[in-house]
Amino acid sequence: MQLEFENEYNPKYDEYEKIYLALMKKTFKRLKIKADYEVDVSLINNERIHEINKEYRHIDRPTDVISFAFLDEVEGEVKIKGSIPTLLGEIFISVDKALEQAKSYGHSIKREMCFLFVHGLLHLLGYDHMKKEDEVVMFSLQEEILKGEVFMTDEELIELAKEARKLAYTPYSHFKVGAVVVTKDGNHFLGANIENASYPLCMCAERNALYHTYMNGYKKDDIAILALVADTEDVCSPCGACRQVISELFPREGKIIMGNLKGKIKETSVEELLPFAFDSSDL
Ligand code: THU
(Lines give C-alpha, C1' and ligand atoms only; values in the text may rest on other atoms or scores of the structure.)
Protein backbone atom coordinates (compact mmCIF):
# COMPACT_ATOMS: atom_id res chain seq x y z
CA MET A 1 0.00 0.00 0.00
CA GLN A 2 1.11 3.52 -0.63
CA LEU A 3 0.28 6.93 0.79
CA GLU A 4 1.01 10.03 -1.28
CA PHE A 5 1.14 12.84 1.24
CA GLU A 6 0.99 16.52 0.40
CA ASN A 7 1.14 19.22 3.01
CA GLU A 8 0.11 22.59 1.63
CA TYR A 9 -0.74 23.87 5.09
CA ASN A 10 2.37 24.17 7.27
CA PRO A 11 5.57 22.07 7.56
CA LYS A 12 4.68 21.64 11.25
CA TYR A 13 2.18 19.00 10.14
CA ASP A 14 4.64 16.91 8.10
CA GLU A 15 4.66 14.28 10.86
CA TYR A 16 1.17 13.22 9.70
CA GLU A 17 2.67 11.41 6.72
CA LYS A 18 3.98 8.72 9.08
CA ILE A 19 0.93 8.80 11.33
CA TYR A 20 -1.51 8.43 8.41
CA LEU A 21 0.48 5.59 6.84
CA ALA A 22 0.35 3.71 10.13
CA LEU A 23 -3.41 4.33 10.38
CA MET A 24 -3.87 3.18 6.78
CA LYS A 25 -2.00 -0.05 7.53
CA LYS A 26 -4.08 -0.59 10.65
CA THR A 27 -7.34 0.01 8.75
CA PHE A 28 -6.37 -2.38 5.93
CA LYS A 29 -5.34 -5.02 8.43
CA ARG A 30 -8.62 -4.69 10.33
CA LEU A 31 -10.62 -4.95 7.10
CA LYS A 32 -8.36 -7.72 5.75
CA ILE A 33 -7.63 -5.74 2.58
CA LYS A 34 -4.71 -7.24 0.73
CA ALA A 35 -4.74 -5.36 -2.59
CA ASP A 36 -2.01 -2.82 -3.24
CA TYR A 37 -3.90 0.46 -3.01
CA GLU A 38 -2.61 3.99 -3.10
CA VAL A 39 -4.31 6.82 -1.23
CA ASP A 40 -3.51 10.48 -1.84
CA VAL A 41 -3.98 12.81 1.09
CA SER A 42 -3.58 16.60 1.14
CA LEU A 43 -3.50 18.91 4.13
CA ILE A 44 -5.05 22.21 3.10
CA ASN A 45 -6.66 25.32 4.61
CA ASN A 46 -10.29 26.41 4.90
CA GLU A 47 -10.13 28.58 1.81
CA ARG A 48 -8.96 25.70 -0.37
CA ILE A 49 -11.47 23.17 1.00
CA HIS A 50 -14.21 25.75 0.53
CA GLU A 51 -13.31 25.96 -3.18
CA ILE A 52 -13.29 22.15 -3.53
CA ASN A 53 -16.59 21.84 -1.64
CA LYS A 54 -18.18 24.46 -3.90
CA GLU A 55 -16.83 23.10 -7.16
CA TYR A 56 -17.47 19.38 -6.65
CA ARG A 57 -20.24 19.19 -4.06
CA HIS A 58 -21.96 22.54 -4.75
CA ILE A 59 -21.81 23.40 -1.07
CA ASP A 60 -20.70 26.97 -0.53
CA ARG A 61 -18.74 26.69 2.74
CA PRO A 62 -15.60 25.13 4.13
CA THR A 63 -15.75 21.64 5.62
CA ASP A 64 -13.37 19.37 7.56
CA VAL A 65 -12.71 16.47 5.16
CA ILE A 66 -13.64 15.60 1.58
CA SER A 67 -12.81 12.32 -0.08
CA PHE A 68 -13.07 11.30 -3.70
CA ALA A 69 -13.35 7.55 -4.22
CA PHE A 70 -11.93 6.32 -7.53
CA LEU A 71 -13.04 2.70 -7.25
CA ASP A 72 -16.62 1.45 -7.09
CA GLU A 73 -15.73 -1.97 -5.81
CA VAL A 74 -13.01 -2.56 -3.30
CA GLU A 75 -11.02 -5.74 -2.79
CA GLY A 76 -11.63 -9.16 -4.28
CA GLU A 77 -13.00 -7.75 -7.49
CA VAL A 78 -9.82 -5.82 -8.23
CA LYS A 79 -7.08 -8.10 -9.43
CA ILE A 80 -3.73 -6.42 -9.29
CA LYS A 81 -0.88 -7.66 -11.39
CA GLY A 82 2.71 -6.68 -10.62
CA SER A 83 3.41 -4.04 -8.05
CA ILE A 84 1.59 -1.00 -9.36
CA PRO A 85 -0.81 0.25 -6.70
CA THR A 86 -4.36 1.09 -7.72
CA LEU A 87 -5.42 4.58 -6.73
CA LEU A 88 -8.21 4.16 -4.22
CA GLY A 89 -8.92 7.87 -4.03
CA GLU A 90 -8.03 11.27 -2.64
CA ILE A 91 -8.62 12.78 0.78
CA PHE A 92 -8.50 16.51 1.48
CA ILE A 93 -8.28 17.59 5.10
CA SER A 94 -8.67 21.18 6.28
CA VAL A 95 -6.20 21.72 9.11
CA ASP A 96 -8.01 24.99 9.95
CA LYS A 97 -11.21 22.99 10.58
CA ALA A 98 -9.33 20.30 12.48
CA LEU A 99 -7.88 22.97 14.78
CA GLU A 100 -11.34 24.55 15.31
CA GLN A 101 -13.01 21.19 15.97
CA ALA A 102 -10.30 19.91 18.31
CA LYS A 103 -10.82 23.05 20.37
CA SER A 104 -14.58 22.78 20.46
CA TYR A 105 -14.53 19.04 21.33
CA GLY A 106 -11.82 19.65 23.92
CA HIS A 107 -9.48 17.01 22.53
CA SER A 108 -6.06 17.18 20.93
CA ILE A 109 -5.42 18.28 17.35
CA LYS A 110 -3.80 14.91 16.76
CA ARG A 111 -7.01 13.12 17.74
CA GLU A 112 -8.99 15.28 15.33
CA MET A 113 -6.48 14.94 12.46
CA CYS A 114 -6.47 11.15 12.89
CA PHE A 115 -10.25 10.97 13.11
CA LEU A 116 -10.65 12.97 9.89
CA PHE A 117 -8.19 10.78 8.02
CA VAL A 118 -9.80 7.50 9.11
CA HIS A 119 -13.24 8.92 8.31
CA GLY A 120 -12.10 9.92 4.81
CA LEU A 121 -10.35 6.60 4.27
CA LEU A 122 -13.44 4.59 5.22
CA HIS A 123 -15.43 6.63 2.69
CA LEU A 124 -12.90 5.61 0.02
CA LEU A 125 -13.44 2.01 1.06
CA GLY A 126 -17.17 2.30 0.48
CA TYR A 127 -18.47 3.10 3.94
CA ASP A 128 -20.97 5.89 4.50
CA HIS A 129 -23.29 7.34 7.10
CA MET A 130 -26.36 8.28 5.10
CA LYS A 131 -28.56 5.68 6.78
CA LYS A 132 -28.60 5.07 10.52
CA GLU A 133 -27.56 1.40 10.21
CA ASP A 134 -24.60 2.32 7.94
CA GLU A 135 -23.61 5.10 10.31
CA VAL A 136 -23.45 2.65 13.23
CA VAL A 137 -21.13 0.36 11.24
CA MET A 138 -18.86 3.15 10.00
CA PHE A 139 -18.62 4.97 13.33
CA SER A 140 -17.90 1.86 15.35
CA LEU A 141 -15.14 0.93 12.88
CA GLN A 142 -13.67 4.42 13.24
CA GLU A 143 -13.67 4.09 17.01
CA GLU A 144 -12.10 0.66 16.82
CA ILE A 145 -9.30 1.85 14.53
CA LEU A 146 -8.57 4.94 16.60
CA LYS A 147 -8.61 2.97 19.86
CA GLY A 148 -5.12 2.26 21.06
CA GLU A 149 -3.66 5.38 19.41
CA VAL A 150 -2.00 7.90 21.68
CA PHE A 151 -3.27 11.36 20.92
CA MET A 152 -0.98 13.29 23.21
CA THR A 153 1.69 15.40 21.56
CA ASP A 154 5.36 14.94 22.42
CA GLU A 155 5.25 18.22 24.34
CA GLU A 156 2.29 17.03 26.43
CA LEU A 157 4.13 13.78 27.20
CA ILE A 158 7.22 15.69 28.33
CA GLU A 159 4.94 17.80 30.57
CA LEU A 160 3.74 14.57 32.23
CA ALA A 161 7.36 13.44 32.67
CA LYS A 162 8.06 16.81 34.32
CA GLU A 163 5.22 16.13 36.77
CA ALA A 164 6.85 12.77 37.57
CA ARG A 165 10.21 14.51 38.00
CA LYS A 166 8.76 16.51 40.89
CA LEU A 167 8.47 13.22 42.81
CA ALA A 168 12.17 12.32 42.48
CA TYR A 169 14.06 11.54 45.70
CA THR A 170 17.62 12.68 45.04
CA PRO A 171 19.41 13.77 48.25
CA TYR A 172 22.75 12.55 46.83
CA SER A 173 22.98 13.50 43.17
CA HIS A 174 20.36 16.29 43.22
CA PHE A 175 19.81 15.20 39.62
CA LYS A 176 16.09 14.73 39.10
CA VAL A 177 14.70 12.65 36.27
CA GLY A 178 11.04 12.16 35.37
CA ALA A 179 9.53 9.52 33.12
CA VAL A 180 6.12 8.43 31.94
CA VAL A 181 4.91 5.28 30.22
CA VAL A 182 1.76 5.59 28.11
CA THR A 183 -0.29 2.47 27.42
CA LYS A 184 -2.25 1.84 24.24
CA ASP A 185 -5.53 2.15 26.12
CA GLY A 186 -4.63 5.74 27.01
CA ASN A 187 -3.47 5.27 30.61
CA HIS A 188 -0.15 6.54 31.85
CA PHE A 189 2.22 5.69 34.68
CA LEU A 190 4.82 7.97 36.17
CA GLY A 191 8.32 7.20 37.40
CA ALA A 192 11.07 9.28 38.99
CA ASN A 193 14.52 8.38 40.26
CA ILE A 194 14.65 7.25 43.90
CA GLU A 195 18.10 7.25 45.45
CA ASN A 196 19.68 5.52 48.44
CA ALA A 197 22.64 6.11 50.76
CA SER A 198 23.91 2.81 49.39
CA TYR A 199 24.49 4.34 45.96
CA PRO A 200 24.16 1.23 43.77
CA LEU A 201 20.59 0.86 45.00
CA CYS A 202 19.48 4.08 43.30
CA MET A 203 16.66 3.40 40.89
CA CYS A 204 16.21 5.38 37.67
CA ALA A 205 13.05 7.12 36.56
CA GLU A 206 12.58 5.03 33.40
CA ARG A 207 12.75 1.71 35.22
CA ASN A 208 10.40 2.97 37.93
CA ALA A 209 7.88 4.06 35.28
CA LEU A 210 8.10 0.68 33.52
CA TYR A 211 7.78 -1.31 36.77
CA HIS A 212 4.88 0.93 37.80
CA THR A 213 3.17 0.05 34.49
CA TYR A 214 3.70 -3.70 34.94
CA MET A 215 2.45 -3.49 38.52
CA ASN A 216 -0.83 -2.19 37.13
CA GLY A 217 -1.28 -5.32 35.06
CA TYR A 218 0.12 -4.09 31.75
CA LYS A 219 2.61 -6.04 29.62
CA LYS A 220 5.05 -5.15 26.87
CA ASP A 221 2.49 -5.22 24.04
CA ASP A 222 0.11 -2.93 25.91
CA ILE A 223 2.68 -0.15 25.94
CA ALA A 224 2.97 2.62 23.33
CA ILE A 225 5.36 5.32 24.57
CA LEU A 226 8.05 6.12 27.11
CA ALA A 227 8.99 9.75 27.68
CA LEU A 228 11.69 11.10 29.96
CA VAL A 229 13.04 14.46 30.98
CA ALA A 230 15.83 15.96 33.10
CA ASP A 231 17.70 19.24 33.44
CA THR A 232 20.39 18.40 30.89
CA GLU A 233 22.07 20.48 28.18
CA ASP A 234 20.96 18.14 25.39
CA VAL A 235 18.00 15.78 25.86
CA CYS A 236 18.32 13.26 28.72
CA SER A 237 19.07 9.79 27.39
CA PRO A 238 18.54 6.55 29.35
CA CYS A 239 21.51 4.99 31.13
CA GLY A 240 22.88 1.59 30.10
CA ALA A 241 21.03 -0.32 32.82
CA CYS A 242 17.73 1.25 31.77
CA ARG A 243 18.42 0.43 28.11
CA GLN A 244 18.77 -3.24 29.03
CA VAL A 245 15.50 -3.18 30.99
CA ILE A 246 13.72 -1.19 28.26
CA SER A 247 14.84 -3.71 25.64
CA GLU A 248 13.10 -6.48 27.59
CA LEU A 249 9.99 -4.73 28.92
CA PHE A 250 9.21 -2.17 26.22
CA PRO A 251 7.89 -3.06 22.73
CA ARG A 252 10.25 -2.80 19.75
CA GLU A 253 7.81 -0.64 17.78
CA GLY A 254 7.21 1.66 20.78
CA LYS A 255 8.23 5.30 20.69
CA ILE A 256 10.78 6.73 23.15
CA ILE A 257 10.78 10.48 23.64
CA MET A 258 13.73 12.17 25.32
CA GLY A 259 13.51 15.77 26.48
CA ASN A 260 15.14 18.44 28.59
CA LEU A 261 13.74 21.35 30.59
CA LYS A 262 14.58 23.80 27.80
CA GLY A 263 12.06 22.21 25.50
CA LYS A 264 14.45 20.17 23.37
CA ILE A 265 12.87 16.88 22.28
CA LYS A 266 14.23 13.88 20.37
CA GLU A 267 12.54 10.64 19.41
CA THR A 268 14.31 7.31 19.50
CA SER A 269 13.62 3.58 19.63
CA VAL A 270 14.71 0.45 21.51
CA GLU A 271 16.75 -0.63 18.50
CA GLU A 272 18.60 2.68 18.36
CA LEU A 273 19.28 2.72 22.11
CA LEU A 274 20.51 -0.84 22.38
CA PRO A 275 21.47 -2.63 19.18
CA PHE A 276 22.63 -6.26 19.55
CA ALA A 277 20.88 -6.47 22.91
CA PHE A 278 21.43 -9.46 25.13
CA ASP A 279 18.07 -11.14 25.58
CA SER A 280 16.36 -14.42 26.50
CA SER A 281 17.29 -15.92 23.12
CA ASP A 282 20.96 -15.74 24.13
CA LEU A 283 20.48 -17.90 27.21
N1 THU B 1 19.10 8.61 36.37
C2 THU B 1 17.86 8.31 35.91
O3 THU B 1 16.88 8.31 36.65
N4 THU B 1 17.73 8.00 34.58
C5 THU B 1 18.74 8.03 33.67
O6 THU B 1 18.55 7.64 32.54
C7 THU B 1 20.04 8.54 34.08
C8 THU B 1 20.29 8.57 35.55
C9 THU B 1 19.23 8.97 37.80
C10 THU B 1 19.93 7.93 38.63
C11 THU B 1 20.48 8.77 39.76
O12 THU B 1 19.48 8.92 40.73
C13 THU B 1 20.73 10.13 39.12
O14 THU B 1 19.98 10.14 37.92
C15 THU B 1 22.20 10.42 38.84
O16 THU B 1 22.79 9.40 38.13
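The values are calculated or read from the model by the stated rules, or taken from the named source; none is laboratory data. These figures come from a predicted structure and were not determined experimentally. Cβ atoms come from the backbone with ideal geometry, glycine included; neighbour counts cover every protein chain shown. Surface accessibility is based on the protein's heavy atoms, side chains included, excluding ligands, DNA and RNA. Shrake-Rupley method; radii C 1.70, N 1.55, O 1.52, S 1.80 Å.
Taking θ as phi - 60°, what are the ³J(HN,Hα) couplings along the stretch 8-13 by the Karplus curve (6.51, -1.76, 1.60), each to the nearest whole Hz, with x for Gly and Pro?
8, 7, 6, x, 3, 9
Viscosity 1.002 mPa s, temperature 20 °C: Stokes-Einstein D of the stretch 88-185 from its Kirkwood Cα radius, in µm² per second?
Numbers: Rh = 16.2 Å.
It comes out at roughly 132 µm²/s.
What are the semi-axes of the equivalent ellipsoid of the chain, taken as the square roots of 5 times the eigenvalues of the Cα gyration tensor, listed largest first and rounded to whole Å?
On the way: eigenvalues 343, 94, 52 Å².
Semi-axes (√(5λ), whole Å): 41, 22, 16.
Counting only chymotrypsin sites (Phe, Trp or Tyr not before Pro) that are in a DSSP loop and have at most 16 other C-beta atoms within 10 Å, tell me the longest site-free stretch of the chain. Show your work: numbers first, answer last.
Details: sites that count: PHE70, TYR172, PHE175, PHE276, PHE278.
That gives 71-171 as the longest site-free run.
For the chain, what is the calculated [θ] at 222 nm in deg cm²/dmol (nearest 500), taking -39500 (n - 2.57) for each run of four or more DSSP H residues and dividing by its residue count?
Numbers: 9 runs with 105 residues, N = 283.
Estimated from H runs of four or more residues: -11500 deg cm²/dmol.
Too long at a 30 Å Cα-Cα cut-off: which of LYS103/LYS184; LYS219/LYS262; LYS18/LYS166; LYS110/LYS219? Could you put the intermediate results ahead of the total?
On the way: LYS103/LYS184 23 Å; LYS219/LYS262 32 Å; LYS18/LYS166 33 Å; LYS110/LYS219 25 Å.
From LYS103/LYS184; LYS219/LYS262; LYS18/LYS166; LYS110/LYS219, over 30 Å: LYS219/LYS262; LYS18/LYS166.
Each residue of the stretch 272-283 in turn: what ³J(HN,Hα) in whole Hz from Karplus with 6.51, -1.76, 1.60 and θ = phi - 60°, glycine and Pro shown as x?
Running phi through 6.51 cos²θ - 1.76 cosθ + 1.60 with θ = phi - 60° gives 5, 6, 9, x, 6, 5, 7, 9, 4, 5, 7, 7 Hz.
Take every Cα-Cα distance within the stretch 226-283, group them into 10 Å bins from 0 onward, and report for each bin the whole-number percent of pairs it holds.
It works out to 24, 50, 21, 5, 0, in whole percents.
Show me the GluC sites (Glu not before Pro) within the stretch 207-283 that DSSP assigns to loop and that have at most 13 other Cβ atoms within 10 Å of their Cβ.
Values: sites: GLU233, GLU248, GLU253, GLU267, GLU271, GLU272; in loops: GLU233, GLU253.
Within the stretch 207-283, the qualifying GluC sites (Glu not before Pro) (loop, at most 13 other Cβ atoms within 10 Å) are GLU233, GLU253.
Can you give me the accessible area per residue for the chain, using a 1.4 Å probe, in Å²? Please list the in-between numbers first.
Values: 15360 Å² over 283 residues.
Result: 54 Å² per residue.
Treating cross-link reach as a plain straight distance, find the aspartates and glutamates whose alpha-carbon is under 18 Å from the alpha-carbon of LYS54, omitting any fewer than eight places away in the same chain.
Filter leaves ASP64, GLU90, ASP96.
Could you please state how large a percent of the accessible area of the chain is carbon and sulfur, counting protein chains only and using a 1.4 Å probe?
Values: 8110 of 15360 Å².
Carbon plus sulfur share of accessible area: 53 percent.
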